[in-house]
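One structure is given here, and the rest of the page talks about it.
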Amino acid sequence: MPSKTRDESNKPVHPYIPELAEQLRKEEIGRRDFLRTATLLGVSATAAYAMADRITGQSASMTRPARAETPKKGGRLRSAMRVQRMDDPATYDWTQMSNQTRPILEYLTRTGSDNITRPYLAESWEASDDLKTWTLNLRKDVKWSNGDDFNADDVVHNFTRWLDPATGSSNIGLFAGMVEDVDSGEKDENGNPVMSKRMIDGAVEKVDDHTVRLNLLRPELAIPENLYNYPAAIVHRRFDEEGGDLSKNPVGTGPYELAEFRIGERCLLKRRQGDYWGGDVWLDEILYVDTGDDMMAAVASLASGQVDHLYEVGISSIDVVERMPNAVLHETVTAQTGVARMRVTEKPFDDERVRKALVACMDHSALLTVAYRGRGAPAENHHVSTVHPEYFELPKLKPDIAKAKALLQEAGYGGGLTLKIDLGSAEDWHLNAMQGFREQCAPAGIQLDLNPMPGASYWDVWDKTPFGFTSWTHRPLGVMVLNLGYRGGVPWNESAYNNPEFDKALDEAGAILDVNERRAAMEKVEKILQDDAVIAQPLWRSIFAATTSKVKGYKLHPTQYHQFQDVWLDS
């Protein structure tokens, strides 16, 4: 067996790396594609950047830049953000929940604001040639806040509970290659067996105290990026034995401890005493203050000096922030979106012709302008964004009212159709987008009634209502969100979509190493979802946050993850 290629530190690397480097040299792929794929295959970020610099003859390192200012220790960072439950991180369904937890609990990997994934609690990893086996090498210098050593038992415990349907974690969709369908013993309304998912035998293997091996049924490239999905925070191996509620027993490996917590009010985190394995962190305290769903109340709190940071600035408030003295508006282009999704098991959406008629009415570019001031990009009804590295460009969608009318006539709704869509009212762009869509549907004979609901009320029904408008956050890969939201039988499949052809095409695309081949394979994935008309997806949006000028080192992450260990205050 030939010896593997080695990187700058004489560490064996995946045999595909030389081919990847050659593609970069021939300019068949870009620098970012090279960096993303090389680091996913286990090459350290430092080595990957050095390789790219050497191949291209250009130095454009994206590792942590030299700071123009010297960080200062101390102070309390006050952030306006919803303060939500902090019980079981595996079941989190809001990014804000993970931000409250992030200073306490940590992840095996870390995806930066540049969309590149790097080691974290896992100091390195290796993928087998066929991408079915992933070996995670864990750090040996990490301790839990209760004094225990962090080890392989913690990681095995987390995977086991993520992939147990009883836990109810969305992670079961991301790690679909480690689960199988089994008969739950229940029957549906037609008497057919109801299938459930469970972890396959041997999926997670403890090799030694600091090495864990993942054994998959099929190849998967995105394992390192999946490990930074926000419900994948690593809890202590005795988490369940000790109550299964982090807010009541906040044991973590991170640099902060929970000092105060009241849902809907405040969450105070204080820097732990003693050395932290990750090096210096600058802030003494992080305080989250809940200002509710009122965006202007949050903006007012920044203007008055009550807070230093806003989790998000709505599109209607950016002008106000830009006029504020001593305020800094942060913007980044993302794969954040909203989808008008139809539950395909519910009438009239169980008729594909009705779904196709509805999506044929949507003018995506017009809705981007009306709802979001053009700050983003038109979407294409398949939930893969131009910012995703595997995006394949399909022919542009255009509204077709004549087609919509013909489909409705064929489906038995020639006299018109009245539909109701539920949507959360917390973000005004949701309402603006659907008001615009209502006007676009009218010429086809579709009366679209809007049912705005308080945010909490909508999230009680988001995965049950026949027709709803749901916001989805950014993921660094398109296959990640497709696995979470559209694979048959996964917890976050709000449309109840179940197409084995789609699942198979998604499996095949997720297993391809070659960047250009993977994009080509995504054509089929995107086209199936688009043709099945599961979602009417108006836009991809830029996101905005704000800080006062005294906040230094802050970068707006496209998933709105807070990485405050790099932040300090210039008093």
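Computed about the Cα centre, the dipole magnitude for the chain is approximately 1360 debye when only Lys and Arg (+1) and Asp and Glu (-1) carry charge, each at its Cβ. Report summary: the helix-based calculation at 222 nm, which adds -39500 (n - 2.57) for every DSSP H run with n ≥ 4 and divides by the residues of the chain, gives -8000 deg cm²/dmol. Between beta-carbons, use under 12 Å as the cut-off and find the net charge around Tyr391, counting Lys and Arg +1, Asp and Glu -1. Surrounding charge for Tyr391 is -4.
Dipole of the chain computed with +1 at Lys/Arg Cβ and -1 at Asp/Glu Cβ about the Cα centre; of Ala340, Ala300, Pro250, farthest Cα towards the positive end is Ala300. For each pair in Lys132/Lys270; Lys464/Lys504; Lys197/Lys403; Lys73/Lys143; Lys248/Lys420, compute the distance between the two Cα atoms and list the pairs where it is over 31 Å. Going by Cα-Cα distance, Lys132/Lys270; Lys197/Lys403; Lys248/Lys420 fall outside the 31 Å limit.
The ranking of Thr91, Thr418 by Cβ neighbour count inside 10 Å, starting from the fewest, reads Thr418, Thr91.
In the chain, a dipole from Cβ-located charges (positive for Lys and Arg, negative for Asp and Glu) runs towards its positive end, and of Ala232, Gln409, Ala166 it is Ala232 whose Cα lies farthest in that direction. Each of Glu106, Glu126 has some number of other Cβ atoms within 10 Å of its Cβ, and from fewest to most they run Glu126, Glu106. Counting beta carbons within 10 Å around each of Glu494, Glu265 and listing the fewest first gives the order Glu265, Glu494. The packing ranking of peptides 476-486, 541-551, highest mean first, is 476-486, 541-551, where packing means the average number of other beta carbon atoms within 10 angstrom of each residue.
Each value in this text was obtained by applying a stated rule to the coordinates, not by laboratory testing. These figures come from a predicted structure and were not determined experimentally. FYI the Cβ positions are ideal-geometry reconstructions off the backbone, even for glycines, and counts take in every protein chain you see.
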